[in-house]
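Data first, discussion second: the structure below is written as structure tokens.
The values are calculated or read from the model by the stated rules, or taken from the named source; none is laboratory data. Just so you know, these numbers come straight off a predicted model, no measurement behind them. Please note: Cβ atoms are built from the backbone with ideal geometry, for glycine as well, and neighbour counts cover all protein chains shown. Areas reflect the complete protein model, heavy atoms only, side chains present, ligands, DNA and RNA absent. Shrake-Rupley method; radii C 1.70, N 1.55, O 1.52, S 1.80 Å.
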Amino acid sequence: MLRVCAACARRFCFSAPVRARVSATAIGAQDASSSTPPTPESERLLSELQAETATLAADMRTHLTPDSAPDKLSLMMRHHLDAPGKLVRPLLVLLVSHVCNAGPPACQRQRTVAIVTEMIHSASLIHDDLIDGSDLRRGAASVQSRFGHRDAVLAGDHMIGVASQLLAGTGHPLVVRGMATAISDLVRGELDQLGETGDLSRYLARTYRKTAALLAHSAKCAAVLAPGSSPATAAAAFELGRSIGMAFQLVDDLLDFEASDVQLGKPAGAADLRRGVLTGPVLFAMQTCPQLRAAVARRLSRPGDLQLALDSVARADGVGQTRMLAQLHCREAHWQLSQLPAVPASEALHSLIDRLLNRQH
Amino acid sequence: MTATKSSSIAPFLFVRLKHYYCPPCWLTSRSSSTLVGQSPSSTLRAILSEAECRLQSPPAHPFVRNLLSQDLGGLAASLRGLAGTKHPLVEDAKRSLLFSAVGGSGGLSSDSSASSALASTVGQTRRAVVLLVARAHEELLTKGSDLHDLELLRRRQCQLADIADSVYTALSIHSRVVPPTNSDLAKGNALAALAGDYLLASASLGLAELDRPPVVKLISEAICDIVAGRFSLIANAAGTENSLSSNKLPDLSAWLDYVRLTSASLLSKSIRSALILATDNANYNYQQCATSSAEDQSIEQFSESFAILQHAYKEKVEHPSIAGASCLLKRISTPAEINDLLNSNADQCLSTIDSWPASGYCTHYLRQIVRALLVEQRV
């Protein structure tokens, strides 16, 4: 039976409602290999690009801490950038650039897109920590907990301002428009959380906006800047980024139920649920557990509601269903990647997609 | 009417310095005495309304109204939930368009019409100045363009003015974040962050849709300048009463730096952006944003002087949101210093306006606005 995804409007084949026994397969993804063993060349390229992301991070620090910036602002930038992130987003942009360039490394403008992507992500983290009241980020004090709410908000604004300047420097209106759309989607995703309804399709739409949109648009921008780019290549890169982003966030949400504070570098142990944010594992469990739906409706306000929620998620295998959905998106990502030029970087990207799916933190 | 024809009636009345005016224009600009005794805000607002009427520009579309749209129902409901708390966002909401569209809701809109008029004058002034300067240069920059192209250009310049207003409002909302000493304030801070982010994102998208990367660069630079200004001693001095003791007051140069970063930068870059929109893809020096041309410098000087006048006006007329913080300029300068400051900057504005292409009503209204700001705050 063909259905239309409520989150991304793609058609797919469903044999049952989204439950533990889901057997959905994305159209076109049936033959995609999702277990490509990494070759030595692709491993070498991956290592080189990971080293290059460190260079991009240093460039980002230089852009964000000019001599003209107030001392306190520079101090905040250094504090946030000193805590190393995974730099997954710039790495993905570099890989997509390699693929879309049909081999040659990323040009300067593509590297700029990679830097801007990480900058936008960093700005969103600073504001998210303020909105969520998180005191920890990447194993260190969050910007808002160390410097205060007001300065944290302004720090995020500074990052967006610098990112916009860099985007304008590419001189490509489509790139500027794409990343501006990503910023808009990011904010809309955060706003969507205010009207939490416990609806699975809305959760997927929010996941797209909060995480996948940035990767989708940055991958598309990398494709647009490639020599000889075509609309088909740009569209495939967009879908590739979107699928990777969806899988990445779904895995992030299920790890929230499984991992500890140390592994994640941020508060865990169903932290999302404790804050009243409903993610994949809980939403899947709500489909089969009326008691959980009632507890969520009263915002887990009664004693024992939180434990009820955790037990319901375990009984319904909400984590397993979320992981299965993440696997679907990974298969889609592999298939979209197969539509792009087959170069050594493609193998590295296939390998990275699998690592993102199977990561433990 | 020409000066010659008018001069047969009363020659000494129609000449001001080296400029000649027709009687209607002279009558409206002849003396500051006509402005004395009138309500300050109503005079400036009357001039702004008249200017907008002459510009025939589309009505301003404050992005802030979208905050209350059904699409963002969660944010609107959460903002209404702040009613009764002590968060500065609630006070700002009473003085801004943020809640004027909502109407009476939890007491948020009490007495909002007068105070919202004061707060919106600043944005209205900036919009009017940007459009008037752009229109003054229009004939020079758009030689040979047909009417359809001119209408499209004017619409895009209005969009740019709306974007600049959105940027300023967003960063003003962000500056209302306070130390979260209780859960209400923490919630208010989160909503202030979200609301400001939404406006900034809308502005970014609007800028991108103009399809002119140099314009994006200029407005982005203004964002960074405003943020830098918010970290200044002036911004921190206005934060709490304790900072306003005499030994911690900043000096005049710090106040001028603050005004330059938080007001003048956005104004000058908005004007330069409007002029960039007026250029086609042919070679014109406004495309080169990296180096300042003589025209850019005159715009920078005008913007800095105008921002000083406007900021002093805003401090004097705006209701204080924090006790003791009203009119910081009066606390750090003597009346004589303030008058000198205002007069010198007004003269700078007027001489810069005189150096621009003479365009009848555009430069006339610009002079009117400058004189209105000057007269209404002489001490």
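As a calculated quantity, the FRET efficiency between B:His148 and B:Asp211 at R0 = 22 Å, using C-beta atoms, amounts to about 0.80.
Averaging the sequence gap over all C-alpha pairs within less than 8 Å and six or more residues apart, then dividing by the number of residues, gives chain A a relative contact order of 23 percent. Largest GNM mean-square fluctuation among A:Ala309, A:Ala294, A:Ala236, using chain A with Cα springs under 10 Å: A:Ala294. Between B:Ser344 and B:Gln297, the FRET efficiency estimated from the beta carbon spacing at R0 = 22 angstrom works out to 0.80. Counting only heavy atoms of the protein chains, get the accessible area per residue of the range A:181-244 (1.4 Å probe) and round it to a whole Å² value. Counting only protein heavy atoms, the per-residue value for the range A:181-244 is 30 Å². Students often forget the sequence filter, so: which aspartates and glutamates lie under 15 Å Cα-Cα from B:Lys86 once same-chain residues fewer than 8 apart are removed? Filter leaves B:Asp184. Carbon-plus-sulfur accessible fraction, chain A (probe radius 1.4 Å, protein heavy atoms only): 53%. Potential lengthening of the chain between B:Ala77 and B:Ala336 amounts to 88.3 nm, from the contour at 0.36 nm per residue minus the alpha-carbon distance.
Do any residues of the range A:60-106 lose at least 20 Å² of accessible area when the full set of protein chains is present rather than just their chain alone, and if so which, with a 1.4 Å probe? Residues of the range A:60-106 that lose at least 20 Å² of accessible area once the other chains are added: A:Pro70, A:Leu73.
Here the Karplus curve 6.51 cos²θ - 1.76 cosθ + 1.60, taken at θ = phi - 60°, turns the phi angles of the range A:205-213 into couplings of 5, 5, 4, 4, 5, 6, 10, 6, 4 Hz, with x standing for Gly and Pro.
Buried accessible surface for the A/B pair, both sides summed and rounded to the nearest 100, is 3200 Å² with a 1.4 Å probe.
Each residue of the range A:97-107 was assigned a 3J(HN,Hα) from its phi angle through the Karplus curve 6.51 cos²θ - 1.76 cosθ + 1.60 (θ = phi - 60°); the sequence is 4, 4, 5, 5, 6, 6, x, x, x, 4, 7 Hz, with glycine and proline shown as x. Working note: Karplus 6.51/-1.76/1.60 with θ = phi - 60° gives the range B:332-337 the couplings 10, 9, 7, x, 5, 5 Hz, where Gly and Pro are set to x.
Springs between Cα atoms under 10 Å define the GNM used for chain A, and in it the highest mean-square fluctuation of A:Ser124, A:Ser351, A:Ser230 occurs at A:Ser230.
The H on the amide N of A:Arg137, modeled in the peptide plane, is under 5 Å from the matching H of A:Ser142, each at least 5 residues off or on a different chain. Take the Cα of A:Arg355, step 7 Å along the line toward its Cβ, and report every residue of the range A:68-86 whose backbone nitrogen sits under 16 Å from that point. Hits in the range A:68-86 for A:Arg355 at 16 Å: A:85-86. Per residue of peptide B:202-211, the mean number of Cβ atoms on other chains within 10 Å of the residue Cβ is 6. Taken along the Cα-to-beta-carbon direction at a fixed 7 Å, the label points for B:Asp184 and A:Asp199 span 3.3 nm.
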